[in-house]
Amino acid sequence: MARYTGPKTKKARAFGEPIYGFDKHFERKKYPPGQHGNTRRRRQKSDYALQLMEKQKAKYTYGVLERQFRNLFEKANSKTGVTGEVLLQFLEARLDNTVFRLGLAPTRRAARQLVSHRHIIVNGVLTNIPSYELRPGDIVSVRGKSQGLKVVKDSVGGKSDVRKFPWLEFNPDKMQGVFLNYPEREQIPEKINEQLIVELYSK
C-alpha cells in the first residue's frame with residue numbers, strides 16, 4: 001500500500017478529529033463524509049471497528065504504513081513498560097516527526113520531504129530516512145546550505161513553539177534541536193487511545 005496522499009480534510013472527518021492540524025474546512029463540517037451529509041443515521045460501531053479506527057488514526061496521523069506500524073508495535077510489545085505508551089514514544093522519536101515538532105516544517109508530510117531530500121543532519125551525519133529512530137541526546141539540525149529554504153525559514157519564523165514539547169530543545173539561530181528523552185504519555189498532544197490499538201493487536 002502506498003502512503004496516503006489524498007484529501008486531508010476528508011480523512012480528518014472520517015476520524016472526527018483534525019489529525020493533520022487546524023483545518024478550517026474540517027471546522028465547518030465535523031461530521032463523517034458521505035453523500036447524505038449529517039442527516040444519515042449511523043449505526044453504533046462495534047468494539048473491533050473502534051479499535052481499527054484508532055489504529056488507522058494513529059497511522060495516518062504519523063504517516064506510517066501498515067507494516068512499519070506493526071513492526072513498531074511488536075518492538076514496543078517486547079519492551080518493558082506500558083505497550084501503548086511505548087508505541088507512541090517510538091512514533092514520536094521518528095526523525096520526520098521530530099523535525100515537525102521542532103518547527104522546521106509546517107506538517108509531518110513536509111518534514112518527511114525535508115528528510116528525504118537530504119536537508120536534515122543527525123549528529124553531524126546527513127540522514128535521509130524519515131523513519132530513523134532518534135535516541136536521547138541526538139542532535140537534529142538543518143544542513144548548512146538548506147537553512148535558507150523558504151519552507152524552513154517560514155516555519156521557524158511562524159507560530160510553532162517547541163517549548164510545549166518538553167522532551168525537545170531548539171536553537172532557532174543554529175536551526176538545531178536536541179531530542180532530550182522519550183516523552184511521557186501526558187506530554188504527547190495527539191488524541192489517540194493507544195489501549196484500543198493494543199487490544200486490536202492482542203486478538
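May I ask you to list the residues in segment 94-140 that are among the small types (G, A, S) and surrounded by fewer than 21 Cβ atoms within 10 Å (Cβ to Cβ)? Once the filter is applied, which keeps residues that are among the small types (G, A, S) and surrounded by fewer than 21 Cβ atoms within 10 Å (Cβ to Cβ), segment 94-140 yields A110, S116, G124, S131, G137.
The set of residues from segment 166-183 being out of contact with any Asp or Glu (no Cβ under 8 Å at 6 or more places or on another chain) and not aromatic (F, W, Y) comprises P166, L168, E169, N171, P172, D173, K174, M175, Q176, N181. Scanning segment 112-132 for residues being out of contact with any Phe, Trp or Tyr (no Cβ under 8 Å at 6 or more places or on another chain) and in contact (Cβ under 8 Å) with a residue 24 or more places away in the chain gives a total of 10.
A Cβ distance below 7 Å, combined with a sequence gap of six or more or placement on separate chains, defines the contacts here; from segment 133-156, residues that are charged (D, E, K, R) reach residues that are not in a loop (DSSP other than H, G, I, E, B) in the pairs E133/F90; E133/R94; D138/V122; D138/F179; R143/I120; R143/I121; R143/L126.
Looking only at segment 114-151, residues that are within 18 Å of the chain's Cα centre (by Cα) and β-branched (V, I, T) come to 4 in all. Considering only segment 51-62, I want to know if a residue exists there that is among the aliphatic types (A, V, I, L, M), in contact (Cβ under 8 Å) with a residue 60 or more places away in the chain and closer than 20 Å to Y132 by Cα. Taking every residue of segment 51-62 in turn, at least one turns out to be among the aliphatic types (A, V, I, L, M), in contact (Cβ under 8 Å) with a residue 60 or more places away in the chain and closer than 20 Å to Y132 by Cα.
Does at least one position in segment 173-180 carry a residue that is surrounded by 14 or more Cβ atoms within 10 Å (Cβ to Cβ), under 25 Å from L104 (Cβ atoms) and of a type in the set (S, T, N, Q)? So far as segment 173-180 goes, yes, one or more of its residues are surrounded by 14 or more Cβ atoms within 10 Å (Cβ to Cβ), under 25 Å from L104 (Cβ atoms) and of a type in the set (S, T, N, Q). Restricting segment 48-91 to residues that are within 13 Å of the chain's Cα centre (by Cα) and not in a helix (DSSP H, G or I) leaves a set whose member that is surrounded by the fewest Cβ atoms within 10 Å (Cβ to Cβ) is L65.
Read the figures in this text as sums done on the coordinates, not as results from a lab. In this text, all values refer to a predicted model and were calculated from it rather than measured experimentally. Using ideal geometry, Cβ is built from the backbone for each residue, glycine included, and neighbour counts are taken over all protein chains shown.
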